[in-house]
Each structure stands twice: as structure tokens, then as C-alpha cells.
Amino acid sequence: MSMSRREFLRLGLAGGVALALPFGTSTCSGSGGGSTGTVLPSKARLSEPFQTPLPVPPVLEPARSDASTDYFEMVQKLGKAEILPGLETEVWGYDGIFPGPTVESRSRRKIVVRQRNDLPVPVSTHLHGGRTPPGSDGYPTDLIMPRGMKHYASMSGHGSMEMEDARRYKDYEYPNGQRAATLWYHDHRTDFTGPQVWRGLAGFYILRDDEEDALPLPKGEKDVPLMICDRSFDEEGSFLYPSLDSSLMGEPGVEDDYMDGVLGDTILVNGAPWPVMEVSNTRYRFRILNASNARRYELALDPEPGDSTSFVQVGSDGGLLGAPIDHHRIHIGQAERFDVVVDFSKYEVSTEVTLKNLLGDGKTANVMRFRVVRKEKEESTVPSRLSDMDEFDALGEADATRTREFRFTRVGDGGKVMWGINGEPFDSERMDARPELGSTEIWHLRVAPAAHPIHLHLVHFKVLSRNGRRTLPTDAGWKDTVDLTSGEEASVLVRFDGYRGRYVFHCHNLEHEDMMMMANFEVV
Ligand SMILES: [Cu+2]
């Protein structure tokens, strides 16, 4: 394996400092309206929308439990799926399925997930939104190696090039010391997260607690996770992705045309193209996740319910809101979660309600459809108080002991254009911030010349302002990802709770992340 330029950079072998390039290249082409990226046209015949029933990923059972801990096991391996009718798609999935199995756990009940790697590439699993100790957070170079491959200790930041025995599995420990929330787990391998998630390495992780259980929100089969992502397909049905090296073992990165991001032309929900779900005329809770590499969505219902808003938001990235928020439309950047209730009693039985993407056009303007097929007695409601958010509400600028600035831009290095933070491409050896455990800081984030959803590992934050003004309704509640479009800036108030150690923060456009728009912080 030859050492790429970016590996030199990561290992600190190059002395040069990358320069920020002027803004200005186009950030959107094809039908990616509102998203930063380029549409990759499928070669396969795409399916007709609203034919496939919505699948719901299976919930993983623990392999065993003891007094303090539940133990789960997953194998990352090849699988087969029929995503487009009559065609077979090879999936790189957790347990060989896409999305992976849903992990359910309870607040403050520890779980251990043993991840075994039967894929032909290194992997690292990150629990997105998890307050996780550093050794289990899925640092990009904390890899589980494939069969027959040695691990370079230096890649884990230990400095020397000595080899150690290949480790084919890893036990991830999740203490779950946080509120009920909709989290997700996905691959985070350095330089190759984009193609590996595209092939299927993503799943839900739903954390529950007593506070949420006590609420009269829709439950059971009316509490439905929706993983929205876009993909493109080759003639035979395999996932199409413009990798420079499709073995994902050589040169990382994508063809130049796609360096702004890869946009698929097929919208999948829980792995099915434009699916349909039959519902009764009652309330449903949808845990909406945008698991796309580069596509952003503006979600709306068509038709809208006559006398009320389409979505009643009850939760954000970090769990329940204090009080519900009504939205006609929801902008959702990559990796964000919106936990919403939709009230189908506002529609006549036999109405077809389409979940639209107002940022898409043609086929990408549709996401999925609900068919109201029967009457049923309503057993749920949305209370006006959801959660005790006193701590969140009390948190203000005055609590911050320090302010840091981070600019998310293109960076140039010897003619090669990449993405970086404060002018620098990612370097696992460089520490970009050292916040103190228990402290609160203001992070001022500025992005250009593209949309960049900014994600911090470990912590949750409060969005204080956007472009110097009030936040948007979709910024409410505890967040771990803030979606910024080109030229925007936001101030976020971050509480560095949880654990000491090294973590990353990065853009969640996965092509930008792979092309180095990532940096380290160490909680000290
Ligand atoms: Cu970005």
C-alpha cells in the first residue's frame, strides 16, 4: 500500500502549512438543490416510487446480560439485498444488513457491543450522539483490521511504526450516561467513511429512559425510526460510488467531479426506495435521521393537514425537547435527527400523504408515502411539557470560560484541493483544542463555500445564534450537529461533560470528512 499525500500529512511528515483558497467554485450541480455535491446518475433502471412497503430494521437481542451490563455482538460482513426490484445489491453491513440492526438500550444501563470485522477493509464504529469513553468512540484510526492485515500502531497515534497483531474484533463500551435520545452508529474509518457508509455501514441506536416512558407519546409500532439516505446504482444493482480505488484499500477519495459530495438519485428510507407505509388515522412518532453522505432535505407533507402543522417536533439530536415545536417544514442536514409526531387523524381514511423533499427535484423531490388505510382509537397525545430542560434553559453565554473560532473552508496543498478547518487538513497528531472537563465554551463556527453540517463527538451543545441573529426553530434543544449552509455562521455553547480524552469534530458531509475536514479536541 503506497502512502498517500494525506497519510504523510496525518503522520506529520510534511512540513508545509496548507493555505486557505479563495471561495468560489460551484457547490451544487445536477439536481442536488440545496445540497453541496454532484448527482451521480444510476445506470440501473430505478423503481417506481411508493411500491415497496417500509421496512423497519430488526432490534438486536443481547447475547447475554449480567447484573450491570448487556452484551451485544455484531459482525460486519457482506450481505445481499433486493433494493431495486429484481436486482441484487451487495451490502457491507452490520450483520450483513442495511440499515444495521437497531440497538436499544436504557439510560445509565451499560452495554458492550462486540464488533467483529469480516469485511475486506479496516473499520471503526462511531456511536453518533453517544457520550462515550474515548477508547470506544470510534476514533478514525482506531481500526479493527480485516483478515490477514497487520495494524500500524502509529496510526492510532502512538508515534512508532511498530506492528502489532491484527485484532479482528473490538468491544465497544457504552455507559449510556445520558438522556433518552435517537442515536445512530456508523463507520468512521479514516479517509474511507464516505464509501463505507454508502455501502451500508449504518444503523439506529435508540436510548430510552423512565422520563420518556412516562409520556403518552405514540409507542410500540407507532414509534418508527426512519433512516433517510440517497444512493445510486450500477446496471446490475450494486451501489455506485465514484471512489478513486473501489477496493477501498489504495488511494482514498473520489473523482474530482464529486469532491463537493456524492448525491444519489434514489431516495431510500430504511434501505427501501421511496417506500410506502400504511397507517391508521392516529398519531405516529417518527425518529427521522438523515444518514446521507452529502444530501440535505427540506421535509414537508403533501397534502399538509388542513388546520395544523405537519410535524410536531418532540425531540432533537440530544433527546426530548422541553416543549413540542410545530413545523410546517423541516430542514435536516446530514446526521441530524428530528423526532416528530405526525397526526394522521387530520386526514380522511384513504388519503395518500407524501413525505416530500422540497430541496429535491424530479424523483429526489419525493421521500416516501403514507397511506391512511383504517380508523383506530387514538391512545396517544403530545403533552405540552415533555421534559425537564431547566439545565438547558439556564445555560447561557455567561457560563462560557472561553471562546474558540473554527472556519470550515477549502484548503489547498501543493495544487491539490481538499477541505479543512482553520486552513488545516486533518492531522491525528495535531491537537486543535484542549477544553477542560466540566467547562463550558462558546465555539464560533463559520462555513464556506459550501454547506457543512458540523458535528462534535462526545458532547451536546446549545445553538446560541445563527449569523449573529436568532436561531432557527430547527436549532432547538440539545444538538450534536449544526447544519450550516454556505456563508453561514453559528455560535454554539458546548458543555464538555463526560470523559477526558481525544475526540474529533468534523463536517458530516462524508466526502468532506474523508477529504480532511476534521480536527481533534482533547478534554483535559
Ligand atoms: Cu463539509
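Readers should treat all values here as calculations from the given coordinates under stated rules, not as data from a laboratory. Given the structure is predicted, the values throughout are model-derived calculations rather than measurements. Cβ coordinates were reconstructed from backbone atoms using ideal geometry, including for glycine residues, and neighbour counts include every protein chain displayed.
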Task: DSSP-assigned coil residues among GluC sites (Glu not before Pro) in region 192-237, each with at most 14 further Cβ atoms within 10 Å - done: Glu235, Glu236
Open item on the list: What are the ³J(HN,Hα) couplings of region 305-311, residue after residue, when phi is run through the Karplus curve with 6.51, -1.76, 1.60 and θ = phi - 60°? Round to Hz, x for glycine and proline.
Closed with: x, x, 10, 8, 7, 5, 10
- [ ] Search the structure for amide H atoms under 5 Å from the amide H of Gly37, placed 1.01 Å from N in the peptide plane, and list their residues when 5 or more places away or on another chain.
- [x] Cys28, Ser29
Task: Given charges at beta-carbon only (K, R positive; D, E negative), |dipole| of region 395-524 in Debye - done: 300 debye
Task: Computed label-point distance, nm, for sites Glu376 and Leu437 using a 7 Å Cα→Cβ extension - done: 4.6 nm
Open item on the list: For q values of 0.08, 0.09, 0.12 Å⁻¹, compute log₁₀ I(q)/I(0) with the Debye formula on a Cα-only model of the chain, without solvent.
Closed with: -0.46, -0.60, -1.13
- [ ] Report Rg/Rh for region 51-213, rounded to two decimals, where Rg is the Cα radius of gyration and Rh the Kirkwood radius.
- [x] 0.99
- [ ] For region 184-201, just list the computed ³J(HN,Hα) in residue order, Karplus coefficients 6.51, -1.76 and 1.60, θ = phi - 60°, integers in Hz, with x standing in for Gly and Pro.
- [x] 8, 10, 7, 5, 9, 4, 3, 6, 10, 4, x, x, 6, 6, 4, 7, x, 7
Open item on the list: Between region 228-285 and region 86-127, what is the separation of their alpha carbon centroids in Å?
Closed with: 17 Å
TODO: Considering the options Val279, Asn509, Ile144, tell which one lies farthest towards the positive end of the dipole of the chain, charges being +1 on Lys and Arg and -1 on Asp and Glu at the Cβ, about the Cα centre.
DONE: Ile144
Open item on the list: For Phe344, Phe406, Phe311, which order do you get if you count the other beta carbons within 10 Å of each Cβ and list the fewest first?
Closed with: Phe406, Phe344, Phe311
Open item on the list: Using amide H atoms built in the peptide plane, which far-off residues or other-chain residues are under 5 Å from Thr381 H to H?
Closed with: Leu217
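For Val492, what is the net charge nearby, where nearby means another residue's Cβ is under 15 Å from its Cβ and Lys, Arg count +1, Asp, Glu -1?
-2
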Open item on the list: I'd like the distance between the alpha-carbon centres of region 300-378 and region 171-185, rounded to an integer number of Å.
Closed with: 26 Å
Task: Nearest-20 debye value, the chain charge dipole, Cβ charges on Lys, Arg, Asp, Glu - done: 200 debye
- [ ] With a point put 7 Å past each Cα toward its Cβ, work out how far Leu358 is from Thr403 in nm, to one decimal.
- [x] 3.3 nm
- [ ] May I ask what percent, to the nearest 5, of DSSP beta bridges between residues of region 304-350 are antiparallel?
- [x] 100 percent
Task: Sequence-distant residues sharing a close amide H with Gln178 (under 5 Å, placed H) - done: Arg108
Task: Inter-site label distance for Asp256 and Ser308 at 7 Å from Cα along Cβ, in nm - done: 5.4 nm
Task: Mean ellipticity per residue at 222 nm, deg cm²/dmol - from DSSP H runs of n ≥ 4 across the chain, formula -39500 (n - 2.57) - done: -1000 deg cm²/dmol
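How high is the FRET efficiency from Lys80 to Arg500, r the C-beta distance, R0 35 Å, rounded to 0.05? Intermediate values should be presented prior to the final figure.
Values: r = 43 Å, r/R0 = 1.23.
Between Lys80 and Arg500 the formula returns 0.20.
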- [ ] Let me see the pair-distance distribution of region 220-374: every alpha carbon pair, 5 Å bin width, integer percents in order.
- [x] 2, 9, 16, 21, 18, 13, 8, 6, 4, 2, 1, 0
Task: GluC sites (Glu not before Pro) lying in DSSP loop within region 269-354, provided at most 14 other Cβ fall within 10 Å - done: Glu348
TODO: Give me Arg374, Arg495 ranked fewest to most by other Cβ atoms within 10 Å of their Cβ, as a rough exposure proxy.
DONE: Arg374, Arg495
- [ ] Please give the FRET efficiency for Glu278 paired with Asp213, using the beta carbon to beta carbon distance and R0 = 25 Å, rounded to the nearest 0.05.
- [x] 0.40
Open item on the list: Need the full-extension length gain, Val59 to Ser486, defined as separation in residues times 0.36 nm minus the C-alpha distance. One decimal, nm.
Closed with: 149.9 nm
Open item on the list: Explain nothing, just the number: dipole magnitude of region 310-377 about its Cα centre with +1 on each Lys and Arg Cβ and -1 on each Asp and Glu Cβ, in debye rounded to the nearest 20.
Closed with: 320 debye
